[in-house]
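Single-structure report; data block below.
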Amino acid sequence: LPEWWGSLDSGIETRSLRFSEDGGNSIQEQTLPGPLTEAGAMLSDVAGVMDYAGLKSTGLAVGQRILLKPDAQPQDRFAIAVWTGDDSAQVGFLPSNVSEQVMAVSMRERVGFGGFVAQEVRDAQSGERRDVTIIIGPGVVWAEPVSEGS
């Protein structure tokens, strides 16, 4: 379930996924539940988010799918671009250390990676996104909303 963390006094608001009722795992602590890490999922910040229009996309919110695509004009041969789930706007890039891991697993196991937005950080006054953290993993990875009664 997405939750808001931080106060308006700090000038920053953070919306993150919560993995359990007791708050045992949280994006804030940069930890994932064991079954996700055992399946190869990992957390990653998105690099360069302030430089791309995708950060402003309304389709980019906690729980929304993201796409990972090789960069069309790579400065780095392992560069992987992060796009909104509807493929309409680039959000940024995976950091080089993460993209190297993704490429190695993808080539070795012949599997693609998928993911979704796990956390977004916004300016409390303007509401503009400042940072995005994603969960990525081999195969198809997605989040399904859970109702309050579940």
**Fill in**
Karplus-derived 3J(HN,Hα) from phi for the range 40-54 (6.51 cos²θ - 1.76 cosθ + 1.60, θ = phi - 60°), whole Hz, x at Gly and Pro, runs x, 6, 8, 8, 8, 6, 9, 7, x, 4, 6, 9, 10, 5, x
**Prompt:** When ranked by the protection proxy of mean other Cβ atoms within 10 Å per residue, highest first, what sequence do the peptides 93-101, 36-44 form?
**Reply:** 93-101, 36-44
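Coordinate-derived values only; no laboratory data. Remember, it's a predicted structure, so these values are computed and weren't measured experimentally. As a convention, Cβ positions derive from the backbone with ideal geometry for all residues, glycine included, and neighbour counts pool all protein chains shown.
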